[in-house]
Amino acid sequence: MNIYDVSRKAGVSIATVSRVLNGSPNVSDRTRNLVLQVMDDLGYTPNVFARGLGLGTIQTIGIMCSDSSDPYLAHAIYYLEQGLRGHGYDSILCCTGNSLENKQKYLDLLRSKKVDAIILAGSKFIGQRPRDNDYILEAAQELPIMLVNGYLDGSNIYSTLCDDRSATHEAASRLIASGCRSILYLYTSHSYSGMGKMQGYRDALGGNGLPVREDLIFQCPKDILSARDLLLGLHATGLSFDAVLASDDTLAVGAVKYAHAIGRSVPDSLSIIGYNNSSYAVCTDPELTSIDSKIEALCTTTINTLMTVFNGGNAPSRTTIAADLIKRATTKF
């Protein structure tokens, strides 16, 4: 028995139940009496510590990610765990892989552990088919669901997003302003974030009077050598391009390796921009211009939003954070 059962039975929001538990004056006598009566009917008695937070809680948050070996997600896990620990919460981490079946299985596992909330780190949890998201919407009926760089509209679901679309739009526009006219786009997935990045690239071309050439858009595994070999293969076919904009730094590093392999000067002959401003960006020669997707800010904001929910505050369902373009030596603008 928890706060979510009380909320459903009383027909009020979780925030309202929290306010009653906290003794907030911002609740009418009628509503307060209703919630207290439901709590009595259900036999719900939060412990003293939980009452201080306004929740029946085990002080544990579930975190799900698709691949903890991915540098972006590894950093997300670190910042999330650090933030939760700072608020007195433990965490349980589940690495799900990309299959829908495993995502559903691990989310159900965390629900069975009676965690107080679940954080989905990364945009690959949001499917393009609405029915693939039903398991998240169902879970949100019981506990808060926090999305880090993913978006799903639903009650008790809170999203913190990087403005990926604007970020790639700016990057492509800067390349165009520097004289690039054939910008090859490399991406890793059709995730929510991935599609936002792709749209920003397309918008920038159209907004600057350039055609969107499908022959310059390629999906590639998130692997340096795969990206290098893809570009070498395209070069062998005679495809001409004067810039590479990549959805991840690993692909951009592959583009640098491609340039070294065939003797193309970077940035004089080929401009390159990566994404995430990871440690890879400063390990290349020349160092990589990259979009900083603000992963620490995304995670910190997610934790702060969750604490607001727990304390009965008015938490935004969607928070968007702007990215920064970090100029280094692979671009000439």
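Some observations on this one:
- Calculated FRET value between residue 40 and residue 131, using beta carbons and R₀ = 45 Å, to 0.05: 0.70
- Folded to 0 to 90 degrees: helix 192-207 orientation relative to the chain principal axis, Cα: 50
- FRET efficiency, 1/(1 + (r/R0)^6) with R0 35 Å, evaluated for residue 181 and residue 327 via beta carbons: 0.95
- Fluctuation leader among 68, 28, 265 - the chain, Gaussian network, Cα springs under 10 angstrom: 28
- Straight-line cross-link partners of residue 103 among the aspartates and glutamates, defined as a Cα under 15 Å from its Cα and at least 8 positions apart when in the same chain: 67, 132, 134, 138.
- Cα-based helix-to-principal-axis angle, 71-86 vs the chain, degrees rounded to 10: 30
- Part-to-part distance (alpha-carbon centres) for region 261-280 and region 103-137, which is given in Å: 36
- Antiparallel bridges, percent of DSSP beta bridges restricted to the chain (to nearest 5): 10
- Chain lengthening between residue 155 and residue 237 when straightened (0.36 nm per residue, less Cα-Cα): 24.5 nm
- Histogram of C-alpha separations across region 127-262, 5 Å bin width, %: 2, 10, 17, 18, 16, 12, 9, 7, 5, 3, 1, 0
- Charged side chains reduced to their Cβ positions (Lys and Arg at +1, Asp and Glu at -1) give the chain a dipole of some 340 debye around its Cα centre.
- Computed with a 1.4 Å probe over protein heavy atoms only, the accessible area of residue 257 comes to about 90 Å².
- Residues whose amide H lies under 5 Å from that of residue 248, counting only those 5 or more places away or on a different chain, are 275; hydrogens are built 1.01 Å from N in the peptide plane.
- Inter-probe distance in nm under a simple model that places probes 7 Å from Cα toward Cβ, at residue 78 and residue 60: 2.6
- Extension gain, residue 85 to residue 296, is 74.5 nm, computed as 0.36 nm per intervening residue step minus the present C-alpha separation.
- Note on the chain: GNM, Cα springs under 10 Å; of 12, 244, 115, the largest mean-square fluctuation is that of 12.
- Placing R0 at 25 angstrom, the Cβ-Cβ distance between residue 92 and residue 225 gives a FRET efficiency of 0.15 after rounding to 0.05.
The values are calculated or read from the model by the stated rules, or taken from the named source; none is laboratory data. Predicted model only: the values in this text are computed from it and were never measured. When we count neighbours, we look across all protein chains shown, and the Cβ atoms used for this are built from the backbone with ideal geometry, even at glycine. Just the protein is used for accessible areas: all its heavy atoms, side chains included, with ligands, DNA and RNA removed. Shrake-Rupley method; radii C 1.70, N 1.55, O 1.52, S 1.80 Å.
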